[in-house]
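The block underneath contains the structure these notes are about, expressed in structure tokens.
The values are calculated or read from the model by the stated rules, or taken from the named source; none is laboratory data. What you are looking at is a predicted structure, and each value in this text was computed from that prediction instead of being measured. All Cβ positions, glycine included, derive from the backbone under ideal geometry; neighbour counts span all protein chains shown. These accessible areas exclude ligands, DNA and RNA; they are computed on the full protein's heavy atoms, side chains included. Shrake-Rupley method; radii C 1.70, N 1.55, O 1.52, S 1.80 Å.
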Amino acid sequence: MLSLASYPDSTPPQAVQVAVDLAASIGARVSAIACEIRIAVPGSFMSPAFLNVPALADAEAKKGRAQAEAALAAFQKLADDRAVFGERILERCHAPELPRLLVEYGRLRDLTIVPAEANELADQPTAEALIFESGRPVLMLPREPGKSFALDTVTVAWDFSRPAARAIGDAMPLLTKAKRVHIVTVANEKRIDTTRSGPELAKHLARHGVDVILETVDAQGRPIGEALEAATRVHDSDLLVMGAYGHSRLREFVLGGATRSMITRPPLPVLLSH
């Protein structure tokens with residue numbers, strides 16, 4: 001399922017094309033969902049007198065619906081051209097309701113694809129909710145990908161943790177289709193409980209027909225997100241697979257550094273699982 005932004009800005013066509021190319025590369029079908037954002041009218045008695053707030057809200061709602069319908073139509077054309085169209089879903093909701101709405105749909109899909117929002121400094125509530133609440137993997141896309149998608153080279157971040165193991169399991173249909181798979185462990189960044197995990201992972205993936213290249217890279221004082229991003233550049237990777245890390249604080253997740261950077265400014269398509 002592809003999540004399409006419709007208000008105030010629409011998802012760029014390049015990101016939609018990547019989602020369609022991904023579906024075609026693994027023989028899948030892709031659906032898209034867009035939401036007509038309903039505008040809440042302030043309760044102040046002064047606002048309508050001076051600004052005609054209800055009329056402004058109605059105009060913005062119509063704009064949002066038109067953009068949502070246009071985004072879904074453009075998506076369907078691209079998906080039909082590649083014979084991967086599943087369905088198109090148009091919903092209505094207020095902006096704060098959108099993350100929960102997408103979680104409900106995402107729980108019944110194999111994968112949810114989310115293009116990064118335009119403001120990389122802002123929170124990404126939709127992506128975070130899907131990652132930590134849907135129970136399914138999320139594929140983050142750069143807002144405007146620089147190249148078309150081809151499943152040639154995949155880099156997998158591996159630290160023998162539960163989220164990393166979950167990510168590999170979720171990504172198996174993609175790993176089996178890739179031409180090259182690099183397993184990268186970042187050393188001198190945090191403690192890893194065993195030295196055998198890399199070779200054992202390679203044997204596990206070989207049982208699924210996936211041949212891998214094992215690598216260890218030194219963090220060299222860099223945040224782990226930067227070390228992984230550098231590895232993907234060296235490999236010219238099409239996809240990064242990694243576990244999503246967060247800590248529950250008063251029932252809200254505080255993202256780990258690498259997870260946050262890959263959500264707010266993914267340098268390439270990134271599959272995250274929690």
From Ala79, Ala68, which residue is touching a strand residue (DSSP E or B) at 6+ places or on another chain (Cβ under 7 Å), at pLDDT below 95 and outside any loop (DSSP other than H, G, I, E, B)? Ala68
Report the residue count in the range 103-117 for those that are within 9 Å of Arg136 (Cα to Cα) and either open to solvent by less than 10 Å² (accessible area, probe 1.4 Å) or touching a Leu at 6+ places or on another chain (Cβ under 8 Å) (or both). 3
How about the range 118-135: which of its residues are touching a residue at least 40 places away in the same chain (Cβ under 8 Å) and in contact with an Asp or Glu (Cβ under 9 Å, 6 or more places away or on another chain)? Ala118, Gln124, Thr126, Ala127
Filter result (of a type in the set (Ser, Thr, Tyr) and out of contact with any Leu (no Cβ under 8 Å at 6 or more places or on another chain)) within the range 5-40: Ser6, Tyr7
Within the range 190-233, work out how many residues are closer than 23 Å to Thr259 by Cα and touching a Leu at 6+ places or on another chain (Cβ under 7 Å). 3
I'm checking my understanding of the structure. Among residues of the range 156-175 that are out of contact with any Leu (no Cβ under 9 Å at 6 or more places or on another chain) and assigned to a loop (DSSP other than H, G, I, E, B), which one is surrounded by the most Cβ atoms within 10 Å (Cβ to Cβ)? Asp159
Looking only at the range 223-264, count how many residues are assigned to a loop (DSSP other than H, G, I, E, B) and at pLDDT 85 or above. 5
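Please find, within the range 56-101, the residue that is least open to solvent (accessible area, probe 1.4 Å) out of those that are among the acidic types (Asp, Glu) and either farther than 12 Å from Ser6 by Cβ or within 23 Å of the chain's Cα centre (by Cα) (or both). Reasoning before the result, please.
Just the residues of the range 56-101 that are among the acidic types (Asp, Glu), to begin with: 58, 60, 69, 80-81, 87, 91, 97.
If we keep only those that are either farther than 12 Å from Ser6 by Cβ or within 23 Å of the chain's Cα centre (by Cα) (or both) too, we end up with 58, 69, 80-81, 87, 91, 97.
On the way: Asp58: 78, Glu69: 76, Asp80: 82, Asp81: 104, Glu87: 78, Glu91: 50, Glu97: 89 Å².
Across the range 56-101, the extreme among qualifying residues is Glu91.
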Would you check which residues across the range 176-222 are aliphatic (A, V, I, L, M), part of a loop (DSSP other than H, G, I, E, B) and modelled with pLDDT of 90 or more and list them? Ala178, Val210
Sole miss for Asp211 among (1) exposed (fewer than 13 other Cβ atoms within 10 Å of the Cβ); (2) at positive phi is condition (2)
Residues satisfying the stated conditions in the range 136-155, i.e. open to solvent by 40 Å² or more (accessible area, probe 1.4 Å) and modelled with pLDDT of 90 or more: Arg136, Asp152
